[in-house]
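Read-outs: derived from the displayed coordinates by stated rules, not from any lab. Keep in mind it's a predicted model, so treat the numbers as computed, not measured. Here the Cβ is made from the backbone with ideal geometry for all residues, glycine too, and neighbour counts use every protein chain on show.
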Amino acid sequence: MAITLTDAAAEHVTRFIENRGKGEALRLGVKTNGCSGMGYVLEFADAVDEDDNVFEDKGVKIIVDPKSLLYIDGTELDYGREGLNEGFKFNNPNVKDACGCGESFNV
Amino acid sequence: MALLQISEPGQTTAPHQHKLAAGIDLGTTNSLVASLRSGMAETIADENGQHLLPSVVQFLGKQDEGFHSAYQTEVGYQAQQNASADPLNTIISVKRYMGRGLDDLKKHSIYNFVAEEDSVVPRIRTIAGDVSAVEVSAEILKTLKQRAVDALGDDLTGAVITVPAYFDDAQRQATKDAAKLAGLNVLRLINEPTAAAVAYGLDSGSEGTHVIYDLGGGTFDISILKLTKGVFEVLSTAGDSALGGDDLDHAIADWILTEAQINDPDAGLLRRILDAARQAKETLSEQQSTTLSIDLGNGEVWESQLSLQQLEKLIKPLIRKTLVPCRRALRDAKIEVEDIQDVVMVGGSTRVPLVRQMVGEFFNTEPLVDIDPDKVVAIGAARQADVLVGNKSEDDMLLLDVTPLSLGLETMGGLAEKVIHRNTTIPVARAQDFTTFKDGQTAMAIHVVQGERELISDCRSLARFELRGIPPMVAGAARIRVTFQIDADGLLSVSAREETSGVESSIQVKPSYGLSDGEIENMLKDSFSHAQDDIDARKLREEQVEADRVVEALLAALAEDGEALLSVEEQVVIQQAIDELAEIAKNSDQRAIKLKIEHVDKVTAEFAQRRMDASINKALSGQRVDDLNNK
């Protein structure tokens, strides 16, 4: 399994990293918080830790720590728009149920 | 499913805990809202893809109870379109009315202003009731806020709103009030030029001095900022409140009027000519030549070519005019052109190539033009807002601004004592000690003023308050510490404290009248042109105050010890000297007063000596030498 990106997500990540001017990778992960158990982490990455898993898709380097990978392996990161709002979406096959807003989830 | 943004390392927030922030450029003509998404600051467009929101509010009627707003309104493009059909209920350029009093407003406005008896805030009479400038601005802010909430997917934690560097306390306070009314949490008000510098990331760059050249539709502002150790400091600001892109249009329109031999155009024709002029100006920003075509209204159409060269000849004198405040700002900041690292261009008029060229030549550096000059201020505000809500752990920016005019208080004789000088960086607190003028004085009136002139009558009164309960002491013995404090938003509070007794009094300055850029400009100009007069006036007043003090002290001394220590002849001589001094002090001959005071000093020297001896005798009488030694 791996982490993948849709074209739209890859395009936006590349643009955002370029705009930021430093860091070359995107860090994905989970944190135990939120109304339904876990929340996603989506950050710029300046450093890779020793035991991090590194994926690459469509020219974007993605870093995931080993613990988080258990919960998000197979995720496809998408970029979408809802009205005026736009941002990233985790299409995570591991999710059993999520809170109404989709910001936190359970596996 | 919620949409997520990329955070800085380690800054991911818990679900529903996002720290969303927006930057708002609340402009006279147009307003914008911007926010940072995935580290990228961008202005937010409405559902039609429009980034600019015309700062126009049309009042339609009262809202039913239970709604967020008390009024039914139309804000933006729709309101702008309706303005000519419904002029009295459609408020344009409300920013000009922020923090102003009724008298200011009636002069230059078409609206029906009314002042309520119990309030100094003037209101505009509309179909929906009487509304204040703050309420009108709040409608604009509400629209922008809603746009940001829709775009970011959640409520805002806070917002940074920009104001002109010249905005005074009343105007800043009014802006904050409007934000509160719109349900916005104001993280900070920052000056427009400072926001522009932040937009270009000059804050994260190397240390240096930067110029912000802001040529808007109707005003010109120049600011010089200095970056040291990651801290922004505004060294100076200057400007011309009656110079902008509109003037460029007028210069072209005047040329058209001459060329087309139109002597007396009606309002409609003039409007068409001005529109054509503006269009030509915009076209010539990209092309070498353009065709003007104007419907003269009498069935004829006038046509002509305007070349870039001709245009530049027309507008060159106006652009040259902007360089005068540039020089003044350099002088105020005490720096040379060589010290300038970057020049940031702000305002739509800086799209004109000649402006870029002349500014570049003046400052001897290529101006920064990469960010849309209309959006640059909002983008900078968004970046600052993002830092203030805590989305950035590292290299936090701390912004410093300056006071546009000196702040001080009135001292005896109607003189202005400056406590915080013009162009002092804020936030700032300055204290100065004052004392009582009369024996047994138990209260002190503190009159807070703003301005550069030496006499109170030439400065602007901001507030008055009293410090009461000063213990009775001889004149000059009380120590009253007056502290002026300006917070990061540029709002002033003044407190006074008598040090020996600890009595205190303070005031938050929320003056009811604001100053326009033009008035501030005039106050500054006056202070330069009247510099010598002011110094002379100050010297005279100081001498007069000194004369009063001498007269006061001598009369008190005479009443106390005159009979006991002086012969009748001596009393007459002193009394006569006092009378003469009191008389001369009424005239405006400073030298004569000074000489007379010296004369009085001489005449009363013997009296002073005797009083001294008498009081020593009194203190020593009845005491043994041993007692004194033991003390």
Over segment B:525-604, the quotient of the Cα radius of gyration and 2.2 N^0.38 Å is 1.35
Just to confirm the number: angle between the C-alpha axis of helix B:376-388 and the first principal axis of chain B, 0 to 90 degrees, nearest 10? 60 degrees
What value does segment B:206-259 have for Rg/Rh, both radii from Cα atoms and Rh as Kirkwood defines it? 1.27
Express as a percent, rounded to the nearest 5, the fraction of DSSP beta bridges in the protein assembly as shown (both residues included) that run antiparallel. 80 percent
Low-density loop cleavage sites - GluC sites (Glu not before Pro) in segment B:321-369, where at most 12 other Cβ are within 10 Å (DSSP): B:GLU336
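Determine the relative contact order of chain B: mean sequence separation of Cα pairs under 8 Å and six or more apart, normalised by residue count, in whole percent.
Worked out over chain B, it gives 13 percent.
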Given 20 °C, 1.002 mPa s and a Kirkwood radius over Cα pairs, the Stokes-Einstein diffusion coefficient of segment B:212-312 in µm²/s is 137 µm²/s
Tell me the label-point distance for the pair A:VAL48, B:LEU620, using the 7 Å Cα-to-Cβ offset, in nm and rounded to one decimal. 9.5 nm
With r as the distance between the Cβ atoms of B:GLN357 and B:SER304 and R0 = 30 Å, compute the FRET efficiency 1/(1 + (r/R0)^6) and round to 0.05. 0.75
Taking a threshold of 25 Å on the Cα-Cα distance, which of the pairs B:LYS145/B:LYS375; B:LYS176/B:LYS375; B:LYS62/B:LYS180; B:LYS321/B:LYS525 fall above it? none
Tell me which chymotrypsin sites (Phe, Trp or Tyr not before Pro) from segment B:430-466 have a DSSP coil assignment and no more than 16 other beta carbons within 10 Å of their own. none
Pull out a ≥ b ≥ c, the square roots of the eigenvalues of the alpha-carbon gyration tensor of the protein assembly as shown, then state rounded if a/c is under 1.5, prolate if not and a/b is larger than b/c, and oblate in the remaining case. prolate
With 0.36 nm assigned to each residue of separation and the Cα-Cα distance removed, B:SER506 to B:MET412 gains 31.8 nm
Which distance in nm do the two modelled labels at B:ASP579 and B:GLN81 give, with both placed 7 Å along the Cα-to-Cβ direction? 8.4 nm
On the formula 1/(1 + (r/R0)^6), with r taken between the Cβ atoms of B:GLN532 and B:SER293 and R0 of 60 Å, the FRET efficiency rounded to 0.05 is 0.60
What residue among A:ILE72, A:ILE17, A:ILE63 shows peak mean-square fluctuation when chain A is described by a Gaussian network model with Cα springs under 10 Å? A:ILE17
Once you mark the trypsin sites (Lys or Arg not before Pro) that are in a DSSP loop and have at most 15 other Cβ atoms within 10 Å, what is the longest gap between them in chain A? A:59-95
Shape verdict for segment B:129-202, please, from the Cα gyration tensor: rounded (a/c under 1.5), prolate (a/b greater than b/c) or oblate. oblate
Stretch gain in nm, segment B:SER567-B:ASN587, where the contour uses 0.36 nm per residue and the Cα spacing is subtracted: 4.1 nm
Compute the Cα gyration tensor for chain A, then decide on rounded, prolate or oblate, letting a ≥ b ≥ c be the square roots of its eigenvalues: rounded whenever a/c is under 1.5, prolate when a/b is larger than b/c in the other cases, and oblate in all that remain. oblate
Helix B:517-529 sits off the longest principal axis of the Cα atoms of chain B, rounded to the nearest 10 on a 0 to 90 degree scale, by 40 degrees
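For segment B:226-321, which trypsin sites (Lys or Arg not before Pro) pass both filters: DSSP loop (anything but H, G, I, E, B) and at most 16 other C-beta atoms within 10 Å?
In loop regions of segment B:226-321 (DSSP not H, G, I, E or B), the sparsely surrounded trypsin sites (Lys or Arg not before Pro) are B:LYS229.
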Any idea what the relative contact order of chain A is, in percent, if you count C-alpha pairs under 8 Å spaced at least 6 apart? 31 percent
Computed from every Cα-Cα pair in chain B, P(r) in 20 Å bins starting at 0 and rounded to whole percents is 16, 42, 27, 12, 3, 0
Zone reached by a paramagnetic label modelled 7 Å from B:GLN341 Cα along Cα→Cβ, restricted to segment B:351-382 with backbone N below 17 Å, covers B:364-369
Which is the longest stretch in chain A that no exposed loop site breaks, taking sites as GluC sites (Glu not before Pro) with a DSSP loop state and at most 14 other Cβ atoms within 10 Å? A:51-107
